1. Once amide H atoms are placed 1.01 Å from N in the peptide plane, what residues at a sequence separation of 5 or more from W42, or on another chain, have their amide H within under 5 Å of its amide H?
2. What residues of region 3-27 lie in the reach of a label at D120, counting those whose backbone N is under 17 Å from a point 7 Å from the Cα along Cα→Cβ?
3. Stretch A30-H54 to full length: gain in nm at 0.36 nm per residue minus the Cα-Cα span?
4. Just to confirm a number: summing +1 for Lys and Arg and -1 for Asp and Glu over residues other than T102 whose beta-carbon lies under 13 angstrom from that of T102, what do you get?
5. Which values of log₁₀ I(q)/I(0), to two decimal places, follow from the Debye formula for region 1-46 at q = 0.18, 0.29 Å⁻¹ with a uniform point scatterer at every Cα?
6. I'd like the per residue volume of the convex hull spanned by the Cα atoms of the chain, given in cubic angstrom.
7. Fewest Cβ neighbours within 10 Å first, please rank V35, V76 accordingly.
8. When the chain is fully extended, how far beyond the present Cα-Cα distance does D61 get from I3, taking 0.36 nm per residue of separation?
Amino acid sequence: MAIERTLSIIKPDATERNITGLIVARLEGAGLRVVAQQRVWWKKKHAEEFYEMHKKRPFFDDLVKFMVSGPIVIQVLEGEDAIKKNREVMGATNPEEADAGTIRKDFAISLEKNSVHGSDTPENAKREIDLCFKKSEIVG
Ligand code: CMP
């Protein structure tokens with residue numbers, strides 16, 4: 001299996017509850033390595049650009065509003081099959097549909113306040129990593 005990198009976000013509902021460490025422990029426990037990490041508070045333009053692919057969806061405005069409502073932790077995760085592995089450990093987007101033992105099942109509050117984001121394809125992982133980090137900030 002190939003070593004991949006993926007973009008992860010610990011969302012405002014999780015920073016507010018001070019559970020970022022609990023989430024990182026889950027990621028590391030799944031064999032993912034944090035090779036870049038920064039706590040930031042996005043401006044509206046950052047959230048709009050990051051979630052551009054959802055621009056036409058009815059939930060877009062609320063999603064942007066939520067993502068700028070507090071600090072977030074952006075990360076690059078590295079590991080074997082990292083994109084799929086991260087999505088497995090996160091669980092389904094809607095916590096009500098997430099499997100037992102996943103981050104979203106255990107920590108998420110709702111479909112919007114679902115604690116974490118993870119890239120879904122290699123193309124999106126590259127785009128999202130490039131949007132969030134300079135090459136020099138990623139240290140494997
Ligand atoms: P995320 O993986 O960050 O990608 C887009 C986000 O939009 C998603 O997690 C959810 O938190 C949020 N969202 C809100 N409503 C919906 C919806 N109806 N379908 C999918 N995602 C939604």
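Any read-out appearing in this document is the output of simple, stated calculations on the displayed coordinates, not a laboratory observation. As the structure is a computational prediction, the values presented were derived from the model and not from experiment. Methodologically, a virtual Cβ is constructed for each residue, glycine included, from the backbone with ideal geometry; neighbour enumeration extends over all protein chains shown.
1. Correct list: I72.
2. Backbone N within reach: 6-9.
3. On the way: separation 24, 0.36 × 24 = 8.64 nm, distance 2.85 nm.
Working it through step by step, the gained length comes to 5.8 nm.
4. On the way: positive: R26, K85, R87, R104, K105; negative: E88, E96, E97, D99, D106.
Its environment carries a net charge of 0.
5. At q = 0.18, 0.29 Å⁻¹ the computed log10 ratios are -0.66, -1.24.
6. Spelled out: Cα convex hull of the chain, divided by residues, is 103 Å³.
7. Going from sparsest to densest Cβ surroundings: V35, V76.
8. Numbers: separation 58, 0.36 × 58 = 20.88 nm, distance 3.48 nm.
Computed gain between D61 and I3 is 17.4 nm.
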